[in-house]
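The values are calculated or read from the model by the stated rules, or taken from the named source; none is laboratory data. All of these numbers come straight from a predicted model, not from anything done at the bench. Cβ sites come from the backbone with ideal geometry, for glycine too, and all protein chains shown count toward neighbours. Protein only, heavy atoms only, side chains kept; ligands, DNA and RNA dropped before computing areas. Shrake-Rupley method; radii C 1.70, N 1.55, O 1.52, S 1.80 Å.
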Amino acid sequence: MRATVTTGRWTSQSLLAMRQIGDPRADAVIAELFRVGETAMVNTLMQTLVQNEGLPSPLLPEPVRAFLAGSGDVPDLDRSHVRKAQDLFGLYGPEMLFILGAYALPASYAAANGVKVLHATGYLDSHALRRLFETTQLVIDVLDEGGLDPSGKGIRTAQKVRLLHATIRHLLQAAPRTWDQAAFGVPINQEDLAGTLMTFSTVVMRGLERLGISLSRDDQAAYLHCWVVIGRIMGIDPALLPADMDEAEELTLLIRQNQIAPSLEGRALTAALIAALDGAIPHAFGGFTASAMRFFFEADKLPGQDLPEILDIPAANWTEVLIDGVKLLAEIESWFSHESRDVAGVIRFFSRHYIDAMIAFQRGGKRPGFEIPAGFRDMWARRSG
């Protein structure tokens with residue numbers, strides 16, 4: 001793991017205090033629906049959030065519509081940063097999406113307290129593929145052209161996730177025998193939300209670097225900016241939103257020091273994720289996902305934190321030569337001053353199958369299908385050709 005500049009903005013203790021805070025604004029909306037005994041309203045809310053990507057809907061309760069109308073403004077949005085981040089995703093989207101599945105998500109599953117929410121809501125093995133693709137859809141919605149416009153899909157998707165979080169938080173807190181708040185903190189608390197935001201931003205950028213794709217500081221700042229904007233919309237306390245990459249790296253490190261530990265839930269979810277990703281690639285390359293996870297985590301070590309061991313990631317099999325072999329070729333080429341991204345090319349091959357699986361996957365029931373804008377698909381197809 002890279003050295004981190006210490007700004008002193010946060011401490012381990014200040015972050016631990018954030019574990020007792022949820023999302024007061026969204027929580028108040030959901031609490032009001034339960035307070036007035038509108039169980040039917042809550043059911044309508046959940047069904048509409050799941051079924052309707054184009055929020056808001058007249059079917060939603062009035063307090064929810066008011067919340068949606070007042071929580072999507074981003075007064076300090078930097079449009080030039082947004083365009084730059086969208087261009088980066090157009091160029092490196094397949095790599096970023098594979099990094100999300102094989103590096104960023106398992107890194108978040110290593111947070112032993114936060115991952116217990118997934119267990120408590122029954123969202124482990126049987127829903128691993130759905131969770132993976134829904135997370136991917138959020139990234140695509142945010143980084144698509146117009147995604148951060150006032151009525152953009154990125155903003156609407158973030159608002160929807162925020163309300164779903166508030167509903168889960170209310171239900172778990174109302175069932176103390178299900179959730180031990182003293183031990184784990186408020187469900188989906190501020191520290192866990194900030195940690196998840198960092199997996200979408202700093203961890204993805206670190207994964208690109210591991211593939212030999214070095215972004216400029218301006219590019220990094222632009223990509224981080226988009227996710228800080230989404231963090232605001234998703235109800236993260238401004239005190240936990242980094243101002244620049246140095247602060248983002250520091251926040252990532254501190255949360256990791258606070259929260260990374262072995263857990264049965266983290267290992268179960270990682271196993272399900274590996275099975276889901278392996279199921280999307282050609283059978284002959286079975287085991288590549290575990291090899292890729294170990295490749296990313298090899299350069300991301302802290303004293304006393306062996307993430308492959310913490311997550312019980314299987315040992316790399318013969319597929320590691322696909323990465324190690326081209327990595328060696330890239331190093332040889334670099335001796336002669338020729339830029340090489342061959343490792344990224346291997347990842348792109350597998351991410352193409354993952355993207356195809358996402359397009360084909362149907363979430364079931366009345367959930368809308370997954371959508372990858374044609375512009376991205378065309379750009380990625382040309383790069384893979």
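Which percent of the accessible area of segment 167-262 is formed by carbon and sulfur heavy atoms (probe 1.4 angstrom)? Display every interim value, and only then the final one.
Values: 1690 of 3230 Å².
Carbon and sulfur together cover 52 percent of it.
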Net lengthening on full extension, A315/A174 (0.36 nm per residue, minus Cα-Cα): 46.6 nm
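Sorting check: for 69-77, 305-313, which peptide has the highest mean count of neighbouring beta carbons within 10 Å, and how do the rest follow?
On the way: 69-77: 12.8, 305-313: 18.2.
Packing proxy ranking, top to bottom: 305-313, 69-77.
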Accessible heavy-atom area order of R267, R156, highest first, probe of 1.4 Å: R267, R156
Where E95, E371, E134, E247 fall by accessible area, highest first, once all protein chains stay in place (1.4 Å): E371, E134, E247, E95
Accessible area in square angstrom per residue, segment 75-183, 1.4 angstrom probe: 37 Å²
